[in-house]
Amino acid sequence: MIQPVENGARLELHSPVKLPNASAFLWNKKMMVHMNCRGYAVAQFMQPEPTKYAHAPNLEAKTFMQPEQPYYAHHPGRFFYIKDEETNSLFSTPYAPVKTPLDNFVFSAGKSDILWKIEHDGLSIEMRLSLPTNEALEQWSFTVKNITSKSRKISIYPYFPVGYMSWMNQSGEYDANLNAIVCSSITPYQKYKEYDRIKTLKDKTYLLADTIPTSWEVNQAAFEGEGGLHNPTGIVGEELLKGDARYETPACVFQYRLKLQPEQERTYRFLFGPAKDEKEIEDIGKRYFSDTSENKVTGFDATKREYDDYIAKGKGCLQIKTPDAALDNFVNNWLPRQIYYHGETNRLSTDPQTRNFLQDNMGTGYIQKEVARQAYITALSQQAESGAMPDGILIHEDAELKYINQVPHTDHCVWLPICLKAYLDETNDYALLQEKVPFSDNEKTATVTEHMNRAMLWLYKNRDERGLNYIEQGDWCDPMNMVGPKGKGVSGWLSMATGYALKTWAGICRNNTTIGLADDFSRKADELNRAINTHLWDGDWYARGITDDNVVFGVRKDLEGRIFLNTQGWALLSGCADADKSDKIIASVQKELETPYGVEMLAPSYTKMREDVGRVTQKFPGSAENGAVYNHAAAFYIFGLYTTDHSEKAYEVLRKMIPGPDEADLVQRGQLPVFIPNYYRGAFRQFPRTAGRSSQLFNTGAAPWLYRCLIDGLFGLKGDVDGLHIAPKLPKAWNRAEVVRQFRGATFKVDIQRESGISKTKISVNGQILKTSVITNIEPRVYEVDVRISEM
């Protein structure tokens with residue numbers, strides 16, 4: 001059903017039916033397009049806020065990408081109808097809207113393009129989508145070949161629905177001078193002061209072709225007619241009717257009538273995207289469809305090569321070869337790509353949540369170190385002198401805090417040392433700590449170290465009389481918004497995360513030879529841990545928090561939301577759980593939360609509103625934060641397991657995060673293993689039929705944390721101030737793993753093997769036995785590292 005090709009650089013799906021929601025995505029700094037294998041699409045571009053250029057067929061609210069996106073007949077997409085002019089038989093590619101069973105189907109997710117290869121009715125068709133590096137438009141090529149022994153007369157109809165653009169003003173027409181269909185609208189507004197912004201927007205959507213069409217249609221209703229999208233009325237006649245749209249829903253439909261001899265093929269190219277005006281569309285056409293270099297390469301082809309190079313920059317710092325080929329393919333090809341996407345686009349937001357911005361750039365530190373460095377400076381420059389961090393980081397001059405960032409959350413300071421530690425481990429760039437950075441609420445500046453100290457003290461002070469951290473209207477779990485709105489509720493998770501942040505910052509201070517600070521923050525972390533054990537231990541696991549009305553929740557007596565994953569995983573990280581408590585935690589998580597698809601965020605999932613916890617309890621049971629296998633939380637747990645040497649359980653949970661490799665698992669999840677989704681459906685014990693279903697959303701903090709788990713945990717190739725630490729934690733089923741690790745300008749070729757008769761790991765570097773487990777004095781060269789670990 002699926003197979004990797006081109007050394008894993010592409011993943012092919014051979015059925016549009018078994019995984020109907022399977023998808024892949026492309027992006028650049030200006031846009032993102034999420035393509036479904038059947039041809040449905042969700043695309044956004046920045047101007048500077050995210051905006052769509054292909055819409056739903058009815059008035060559509062502006063929303064983020066939706067989990068488990070429901071596709072329907074009129075969902076935005078990119079389709080091609082093919083009609084045999086002699087028999088009037090009709091099918092569509094890639095599969096929808098006609099959904100004719102095809103003779104052969106391949107959906108090929110590539111790193112820098114998305115490709116379909118289809119055979120049906122004696123025709124071979126190849127469709128390819130790619131993007132430029134720094135412009136909001138889609139590049140489409142469509143090649144059709146006659147693979148029969150007789151000549152064929154066919155019509156090809158590119159059908160790119162534009163949808164309901166605006167209740168205020170929308171229209172569309174074919175412009176012969178541009179050889180483009182241009183659909184125009186005006187973004188609705190009410191206040192006259194908004195006009196200056198509205199008039200700058202790219203409110204046109206165009207489909208630009210390199211070949212003059214036989215005919216066209218711009219009126220969606222006229223094209224579809226009474227036949228519906230599976231057999232549009234507009235296609236019945238010899239030619240489309242060359243209609244327009246006048247305050248009617250527009251669509252971009254061309255017709256190309258052609259005759260193909262045996263083995264003859266024909267290629268058409270199209271550009272689809274937003275524009276300010278016709279002059280911009282004309283310029284785009286000239287740049288992409290004209291020869292622009294001495295060797296007569298068109299802009300269309302040149303930008304494809306540039307985009308290939310752009311995506312190749314996100315190759316990551318880890319290449320592996322293990323007994324698990326599917327894991328190898330995912331780690332080597334797809335996981336670093338997803339991390340790169342997050343760092344490049346900031347999830348297509350101008351005000352990314354602070355926790356997202358920091359964790360996404362934690363991952364960027366493994367791929368683009370200078371970008372990550374600047375991200376930490378940018379974040380700290382928006383810190384108040386009190387040490388408090390904002391709910392979102394403004395990364396555009398016109399940005400303002402919106403949506404969830406207008407709701408006060410108390411966890412943002414936590415992520416500073418936790419993410420910074422990964423950057424410092426990778427780069428040893430302790431000079432960053434001496435950089436001078438301003439505060440947001442006055443003209444003062446301070447070193448990064450001082451900013452970090454203030455953030456840690458803010459967390460330490462923002463606690464109640466029990467010594468636990470206030471939650472206000474949410475912590476990492478946004479929808480846990482009614483635990484503390486009165487100012488009394490506390491978060492067990494945030495108390496643990498604060499303890500871990502204090503401990504982590506203490507370690508950074510110790511590496512930076514500020515021993516006094518290190519000791520002080522270590523004592524404060526110990527104080528947090530004592531408070532946690534006094535007030536939150538429930539006998540077999542830790543409670544999630546205490547409400548405004550002094551009700552402890554996430555405990556055994558609760559009928560729903562009895563146990564939460566985050567307070568178990570972070571208990572391992574903070575150090576509040578001793579060996580006995582750790583064993584009980586892990587056993588409880590296995591019994592209560594583990595499923596075939598990963599570990600759930602809470603259980604049992606809430607089935608009704610709990611007013612002292614919040615809207616998380618109103619989400620559908622097993623979706624998102626209400627008991628899904630929420631991969632971000634699962635990654636925290638895995639990292640905690642590796643940190644406390646529970647490596648066998650860590651790998652067991654880690655491997656479940658990736659779809660497959662067996663077909664039944666892939667079908668249940670419904671997703672290709674080309675990204676980690678933000679969740680798989682949970683409530684496994686309550687609603688097993690839907691458990692495991694992927695959200696299909698690739699915006700998630702799970703990706704950088706999973707990479708960190710692989711580097712620091714599974715393969716144990718972790719940096720620190722003194723060099724590269726070697727401490728692999730392979731699962732018992734593996735006898736060998738080979739790793740190529742890029743680190744501080746050097747290449748480490750590491751061969752890890754089990755060896756009988758040894759109890760202690762043996763390490764040799766370039767044939768010389770290492771006396772410790774740390775490779776020091778690293779130079780920019782190749783290191784051959786042989787690691788022998790016990791068979792026990």
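A few remarks follow.
- Taking (1) part of a loop (DSSP other than H, G, I, E, B); (2) buried (at least 23 other Cβ atoms within 10 Å of the Cβ); (3) touching a helix residue (DSSP H, G or I) at 6+ places or on another chain (Cβ under 6 Å) in turn, residue 495 satisfies each apart from (1).
- The lone exception for residue 33 - which of (1) closer than 28 Å to residue 668 by Cβ; (2) modelled with pLDDT under 95 it fails: (2)
- Segment 138-162, subset in contact with an Asp or Glu (Cβ under 9 Å, 6 or more places away or on another chain) and charged (D, E, K, R), residue surrounded by the most Cβ atoms within 10 Å (Cβ to Cβ): 152
- Here residue 532 fulfils each of the conditions (1) within 30 Å of the chain's Cα centre (by Cα); (2) assigned to a helix (DSSP H, G or I); (3) within 21 Å of residue 612 (Cα to Cα); (4) β-branched (Val, Ile, Thr) apart from (1).
- Within segment 38-52, tally of residues that are part of a loop (DSSP other than H, G, I, E, B) and either under 18 Å from the mean Cα position of the chain (by Cα) or surrounded by fewer than 21 Cβ atoms within 10 Å (Cβ to Cβ) (or both): 4
- Residue within segment 427-448 that is in contact (Cβ under 8 Å) with a residue 24 or more places away in the chain, within 21 Å of residue 708 (Cβ to Cβ) and crowded, with 24+ Cβ neighbours inside 10 Å present: no
- Inclusion of residue 611 among residues that are among the charged types (D, E, K, R) and crowded, with 24+ Cβ neighbours inside 10 Å is not warranted.
- Odd one out for residue 740 among (1) out of contact with any Ser or Thr (no Cβ under 7 Å at 6 or more places or on another chain); (2) surrounded by fewer than 22 Cβ atoms within 10 Å (Cβ to Cβ): (1)
- Test: residue 272 is over 30 Å from residue 707 (Cβ atoms), surrounded by 15 or more Cβ atoms within 10 Å (Cβ to Cβ), in contact with a helix residue (DSSP H, G or I) (Cβ under 7 Å, 6 or more places away or on another chain) and assigned by TED's automatic domain parsing to the domain that holds residue 140: no
- Qualifying residue in segment 116-129 (condition: small (Gly, Ala, Ser) and surrounded by 22 or more Cβ atoms within 10 Å (Cβ to Cβ)): no
- Subset tally (residues that are of a type in the set (Val, Ile, Thr) and assigned to a loop (DSSP other than H, G, I, E, B)) for segment 1-30: 1
- Matching residues, segment 720-776, being basic (Lys, Arg) and touching a residue at least 40 places away in the same chain (Cβ under 8 Å): 729, 732, 736, 741, 744
- Condition met for residue 258 (of a type in the set (A, V, I, L, M), over 28 Å from residue 126 (Cβ atoms), at pLDDT 95 or above and assigned by TED's automatic domain parsing to the domain that holds residue 26): no
- The condition (being in contact with a Lys or Arg (Cβ under 6 Å, 6 or more places away or on another chain), small (Gly, Ala, Ser) and closer than 30 Å to residue 305 by Cβ) is satisfied by just one residue among 22, 41, 96, 54: 41.
- Residue-level check: of (1) exposed (fewer than 15 other Cβ atoms within 10 Å of the Cβ); (2) over 32 Å from the mean Cα position of the chain (by Cα), residue 770 misses just (1).
- Of the residues in segment 453-463, at least one is in contact with a strand residue (DSSP E or B) (Cβ under 8 Å, 6 or more places away or on another chain) and farther than 21 Å from residue 353 by Cα.
- Segment 5-27, residues that are of a type in the set (S, T, N, Q) and surrounded by fewer than 22 Cβ atoms within 10 Å (Cβ to Cβ): 7, 15, 21
- Count of residues meeting criterion [in contact with a helix residue (DSSP H, G or I) (Cβ under 8 Å, 6 or more places away or on another chain) and part of a strand (DSSP E or B)] in segment 82-118: 2
- Here residue 787 fulfils each of the conditions (1) under 33 Å from the mean Cα position of the chain (by Cα); (2) closer than 20 Å to residue 319 by Cα apart from (1).
- Where residue 750 falls short, out of the listed (1) hydrophobic (A, V, I, L, M, F, W, C); (2) over 23 Å from residue 429 (Cα atoms); (3) in contact with a helix residue (DSSP H, G or I) (Cβ under 9 Å, 6 or more places away or on another chain): (3)
- Counting only strands (runs of 3 or more DSSP E) that sit wholly inside segment 135-231, those with at least 1 residues that are assigned by TED's automatic domain parsing to the domain that holds residue 278, in contact with a helix residue (DSSP H, G or I) (Cβ under 7 Å, 6 or more places away or on another chain) and not acidic (Asp, Glu) are 138-146, 152-161, 180-185, 204-209.
The values are calculated or read from the model by the stated rules, or taken from the named source; none is laboratory data. Only a predicted model underlies this, so the values are computations on that prediction, with no experimental measurement involved. Every residue, glycine as well, gets a Cβ built from its backbone with ideal geometry; the counts of neighbours run over all protein chains shown.
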